[in-house]
1. Placing +1 on the Cβ of each Lys and Arg and -1 on the Cβ of each Asp and Glu in the chain, which of Gly85, Ser34, Ala156 has its Cα farthest towards the positive end of the resulting dipole?
2. Just to be sure I understand: of the beta bridges DSSP finds with both ends in region 33-137, what percent are antiparallel, rounded to 5?
3. Rounded, prolate or oblate: which fits region 1-92 when a ≥ b ≥ c are the square roots of the eigenvalues of the alpha-carbon gyration tensor, with rounded for a/c under 1.5 and prolate only if a/b beats b/c?
4. Counting DSSP beta bridges with both partners in the chain, what percentage is antiparallel, nearest 5?
5. Which of rounded, prolate or oblate describes region 55-162 when judged by the alpha-carbon gyration tensor and an a/c cut-off of 1.5?
6. So what's the net charge close to Phe107: Lys and Arg +1, Asp and Glu -1, counting the other residues with Cβ under 13 Å from its Cβ?
7. Could you work out the relative contact order of region 1-111? I mean the mean sequence separation of Cα pairs under 8 Å and 6+ apart, divided by the number of residues, in percent.
8. With 31 Å as the limit, write out which pairs from Lys93/Lys143; Lys4/Lys94; Lys4/Lys124; Lys4/Lys72; Lys9/Lys124 have Cα-Cα distances beyond it, or answer none.
Amino acid sequence: MALKSTIYKFAIDLSNISENFYTSLDLTLACHPSETAERMMVRLLAFCLNAHSNPEFTRGLSSTDEPDLWCKSLDGQIEHWFEVGEPAFDRVKKATQLSQAVSVYCFNRKADVWWQQGSATFLKLSAQYFRFDNEEVVSLASKIARTQQLSISIDAGLIYVAMEAGNCELSLRLLDTESFA
């Protein structure tokens, strides 16, 4: 018998000062049996970072042909493709061919090695690469509950998350030619 996804419900008060965007969100996320809480929370943060452009969660890990999130135009064209983790070069290349914009959000302990080994080729593609600090993501994921009220404030690469179990501050860094040099 296959394992089922675990459902999480988030009520979020979002303040994205960088984008001058403020809203309340009610999100339901399915955490795939092979997905960690850390990865799920990075998907949630990627959604919040881009909420001003109306992203949608996809089938994610359940489908190899879809990203974790995307923004689509009214005629169904993919405008922005969002990957979470450390995707293979071919996957990012495919995304740049299918979408006008591509963003990758990495967060694992292995992200440094992934970037060091692949940055020269990844930077040839028309995509943006962002890095969350793994320990900060682990701290956030350790505080979540199946039903959660969050207050998220975003400003200049810093994300502050307030919740009943405690507060977390996360930093987001754009990876470029200077990263990990």
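The values are calculated or read from the model by the stated rules, or taken from the named source; none is laboratory data. For clarity, every value in this text was computed on a predicted model and none was experimentally measured. FYI the Cβ positions are ideal-geometry reconstructions off the backbone, even for glycines, and counts take in every protein chain you see. Each accessible area value is taken on the protein alone, full model and side chains, heavy atoms only, with ligands, DNA and RNA left out. Shrake-Rupley method; radii C 1.70, N 1.55, O 1.52, S 1.80 Å.
1. Ser34
2. Working: 6 of 15 bridges.
Of those bridges, close to 40 percent are antiparallel.
3. Details: a/c = 1.79, a/b = 1.22, b/c = 1.47.
Note, shape of region 1-92 comes out oblate.
4. Numbers: 32 of 49 bridges.
In the chain, approximately 65 percent of DSSP beta bridges are antiparallel ones.
5. Numbers: a/c = 1.86, a/b = 1.25, b/c = 1.49.
Here region 55-162 falls in the oblate category.
6. Working: positive: Arg39, Arg43, Arg109, Lys110, Arg131, Arg173; negative: Glu35, Glu38, Asp68, Glu83, Glu86, Asp112, Asp133, Glu135, Glu136.
Surrounding charge for Phe107 is -3.
7. Values: 162 pairs, mean separation 18.6, N = 111.
Relative contact order for region 1-111 comes out at 17 percent.
8. Values: Lys93/Lys143 35 Å; Lys4/Lys94 29 Å; Lys4/Lys124 39 Å; Lys4/Lys72 28 Å; Lys9/Lys124 38 Å.
Violating the 31 Å limit, Cα to Cα: Lys93/Lys143; Lys4/Lys124; Lys9/Lys124.
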